[in-house]
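The values are calculated or read from the model by the stated rules, or taken from the named source; none is laboratory data. Just so it is clear, the structure is predicted and the values come from calculations on it, not from any experiment. For neighbour counting, all protein chains shown are included, and Cβ atoms are generated from backbone atoms with ideal geometry for every residue, glycine included. For accessibility, only protein heavy atoms count, side chains too; no ligands or nucleic acids. Shrake-Rupley method; radii C 1.70, N 1.55, O 1.52, S 1.80 Å.
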Amino acid sequence: MILPGAAPVPGNVLLRRIVDHMFIDGSWDEARSGKTFEVTDPATGEAIGTVPDGSAEDALDAIAAADAAFGSWSTTTAQSRADLLYAAWQLMTERSESLARLMTSEQGKPLKASRAEVKYAADFLRFYAEEATRVTGEWLPSARADQRFLVLRQPVGVVAMVTPWNYPISMLTRKMAPALAAGCTLVLKPAEATPLCARAVFEIFEEVGTPAGVANLVTALDPKPIGEVFTTDPRVRKLAFTGSTAVGRHLAGVAAGNLKRVSVELGGHAPFIVFPDADPVRAAKGAAALKFLNAGQACISPNRLYVSEQHQDAFVSTLVDRVSKVKTGNGFEDGVGVGPLVNEAAVAKVAGQVDDAISLGAEALVGGRRLTDEPFDRGHFYAPTLLAGVRDDMRIYREETFGPVAPVISYGDVDEVLNLANDTNYGLAAYVYTNDFSTAIRAFEGLRFGIVGINDVNPTAASAPFGGMKDSGIGREGSHDGIAEYLETKLGGFAL
Ligand code: ADP
């Protein structure tokens, strides 16, 4: 199904390119208004592309296309949907290097991290190609001898998707792949900071032969009018959102008020607990590897590092050594571990939290400042930072940071530490270092978070359920659970 010779090289970001189309009903269109907006490289401030500034009318066009396509797409065979997703996986894999380069240009993360993300993104295409053929029903007994029950699982309908800028390719495939596998059609609005990555994903779906209207892309500088349409239009049957808790709460509220299904993957405030029996050096190396991924701009990034008193020195000195060696810079440079933050507001938020913590007695053992000298002056950089002596009266203890700051908190009472970790409105990811089996089980069971890494700083995969509790969201992505979010259960009662 891959059209021979039809693959342009996406993401040739060395040349400034004009991208003036959205993907609606199988063709690349301008916004109805003809308006566009610019996309910039967060490391250099340079313009790298121009995309349509869509509005409510464009979103309505896309929903109409998705609605019209639903009847035929939802009745294709699971095998043919699987074939399409396999083809998309293959093409994304072939294109991984150019996609990674595009991502580093548009989002800023180091090239190595972009490559890892493209691989992760492609994994969802393959996993849900496999899962497509495993959607089954049930044949159930009745209390009545002359009755049988048949349970059928069918696609929910048109899905509206809103995705963030921090993982600008994998957050798309994590939603699109299970939706398409289930037989849903979709309209997706990517974050305004990263529409070029979204476009590159849709180019892949176009080239593998996705029927017109099945997958639609609407880009916009102002997301509000599109969000309004997504959550109120009766043809949309589900909202799938990843982003901040404030926006997710609002959109989920409106969508649920209109009785649409919702899955929302929101913010986090992950605890990272080093128990007395753990190896503090190993734990500190894990913390350093995890904390600075994507410059800390991840909802599963650890925001509170609880280290038992007796391990303070070993843990902190190892972390000081690691953090001091993290190279900050343009993600295209060799050896860079931390790239730019997404924009000036992100830098200001991090700086505000760090300054607040220092004013209340925390100590910046490494970093603790913006980077404004040349070559950082053109982008949005904050120094990799280690804060010691963090306490619960500091903002950073409660607010999501989304930046390269590791806040260390010393604790003495082992019996209390799970309560401290749970004392947050968020519930996405938590991490534990222990060598004691019982402690591991107690922590796994006792932490009120959707994902718990036990001596493991990478507890994510296409085959594993990802999602949070409390203010971190509703629903799961990835795994068998991920496709269930796009399926309705229908009961048939048969009288014999
Ligand atoms: P962040 O603060 O990390 O950028 P947001 O929640 O603001 O997180 O953004 C996540 C996604 O939600 C982006 O695609 C953004 O455009 C979109 N978004 C933000 N506000 C709205 C809104 N009112 N309606 C619809 N989408 C929105």
Globularity ratio of segment 16-66, using Cα Rg and 2.2 N^0.38 Å: 1.28
For segment 53-119, the charge dipole (Cβ of Lys, Arg +1; Cβ of Asp, Glu -1; about the Cα centre) points to a positive end, and the Cα of L84, V118, W73 closest to that extreme belongs to V118
Taking H placed 1.01 Å from N in the peptide plane, check which residues at least 5 places from Y382 or on another chain put their amide H under 5 Å from its amide H. L341, L371
Just the number, please: carbon plus sulfur as a percent of the accessible area of segment 121-161, 1.4 Å probe, no ligands or DNA/RNA counted. 53
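How high is the FRET efficiency from T372 to L221, r the C-beta distance, R0 30 Å, rounded to 0.05?
The formula returns an efficiency of 0.65 here.
Accessible area per residue for segment 201-241 in Å², computed with a 1.4 Å probe and the full protein assembly in place, what is it?
Values: 1190 Å² over 41 residues.
Dividing the accessible area of segment 201-241 by its residue count gives 29 Å².
Taking Rh as the Kirkwood radius computed over C-alpha pairs, what is the Stokes-Einstein D of segment 166-248 at 10 °C in a medium of viscosity 1.306 mPa s, expressed in µm² per second?
On the way: Rh = 13.5 Å.
Diffusion coefficient, whole number: 118 µm²/s.
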Quick check: at a probe of 1.4 Å, how many percent of the accessible area of segment 258-326 sits on carbon and sulfur atoms? 54
Got a number for the accessible area of Y86? Probe 1.4 Å, square angstrom, nearest 10. 80
Once all protein chains are kept in place, M171 shows an accessible area at probe 1.4 Å, nearest 10 Å², of 10
Enumerate the amide H contacts of Y431 below 5 Å, restricted to partners 5 or more residues apart or on another chain; note that Pro and chain-start residues carry no placed amide H. F272, I273, G453
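Return the percentage of antiparallel bridges among DSSP beta bridges fully within segment 123-213, rounded to the nearest 5 %. Each step should come with its number before you reach the end.
Numbers: 4 of 9 bridges.
So the antiparallel bridges in segment 123-213 amount to around 45 percent.
Please give the length that would be gained between A314 and S142 if that part of the chain were fully extended, namely 0.36 nm times their separation in residues minus their C-alpha to C-alpha distance (nm, one decimal).
Details: separation 172, 0.36 × 172 = 61.92 nm, distance 6.34 nm.
Result: 55.6 nm gained on full extension.
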Between S463 and L491, what is the label-to-label distance in nm when each label sits 7 Å out along the Cα-to-Cβ direction? 3.5
Let me spell out the model: positive unit charges on the Cβ of Lys and Arg, negative unit charges on the Cβ of Asp and Glu, origin at the Cα centre of the chain. What dipole size does that give, in debye rounded to 20? 780
HN-Hα couplings for segment 313-327 via Karplus (6.51, -1.76, 1.60; θ = phi - 60°), in whole Hz with x for Gly/Pro, come out as 4, 5, 5, 5, 5, 5, 5, 4, 4, 5, 5, 4, 8, 5, 8
A correct Karplus calculation of ³J(HN,Hα) over segment 335-347, with 6.51 cos²θ - 1.76 cosθ + 1.60, θ = phi - 60°, whole Hz and x for Gly and Pro, returns x, 6, x, 10, x, x, 7, 5, 7, 5, 4, 5, 5
Taking a crude spin-label model, label points 7 Å out from Cα along the C-beta direction, the D393 to F437 distance in nm is 4.4
State which stretch of the chain is the longest one without any exposed trypsin sites (Lys or Arg not before Pro), exposure meaning a DSSP loop state and at most 13 other Cβ atoms within 10 Å. 145-368
Within segment 49-64, list the residues whose amide N lies under 19 Å from a label point set 7 Å along Cα→Cβ of T232. 54-64
Taking square-rooted eigenvalues a ≥ b ≥ c of the alpha carbon gyration tensor, is segment 136-187 rounded, prolate or oblate, where a/c under 1.5 means rounded and, failing that, a/b exceeding b/c means prolate? prolate
So between V414 and A348, what do we pick up on full extension, going 0.36 nm a residue minus the alpha carbon distance? 20.2 nm
Amide H neighbours of G213 under 5 Å, counting only residues 5+ apart in sequence or on other chains, H built in-plane at 1.01 Å? D25, G26
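Could you work out the relative contact order of segment 16-77, using alpha carbon pairs under 8 angstrom and six or more residues apart, expressed as a whole percent?
Values: 81 pairs, mean separation 20.3, N = 62.
It comes to 33 percent, rounded to a whole number.
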How large is Rg/Rh for segment 190-296, to two decimals, with Cα atoms and a Kirkwood Rh? 1.13
Once phi for every residue in segment 423-432 is put through the Karplus expression 6.51 cos²θ - 1.76 cosθ + 1.60 (θ = phi - 60°), the whole-Hz ³J(HN,Hα) values, with Gly and Pro written as x, are 7, 7, 6, 8, x, 8, 10, 9, 10, 9
Among the listed pairs K327/K470; K189/K325; K109/K470; K224/K285; K109/K260; K260/K285, which are separated by more than 32 Å between their Cα atoms? K327/K470; K189/K325; K224/K285; K109/K260; K260/K285
Quick check for you: which residues of segment 220-251 have the amide N under 20 Å from the point 7 Å beyond the Cα of R32 toward its beta carbon? 220-237
Only bridges whose two residues both fall in the chain count here: according to DSSP, what percent of them are antiparallel, nearest 5? 40
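In Å, what Kirkwood hydrodynamic radius results for segment 344-496 from the alpha-carbon pair distances? Intermediate results must be reported in sequence, preceding the final value.
Values: mean 1/r = 0.0543 Å⁻¹.
Final number for the Kirkwood radius of segment 344-496 is 18.4 Å.
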Mind checking which of L150, T439, A47 is farthest towards the positive end of the chain's charge dipole, using Cβ charges of +1 (Lys, Arg) and -1 (Asp, Glu) about the Cα centre? L150
Does segment 25-134 come out rounded, prolate or oblate, given a ≥ b ≥ c as the square roots of the eigenvalues of its C-alpha gyration tensor, rounded meaning a/c under 1.5 and, failing that, prolate meaning a/b above b/c? oblate
Any chance you could list the semi-axes, whole Å, largest first, of the equivalent ellipsoid that the Cα gyration tensor gives for the chain, using √(5λ)? 38, 29, 19
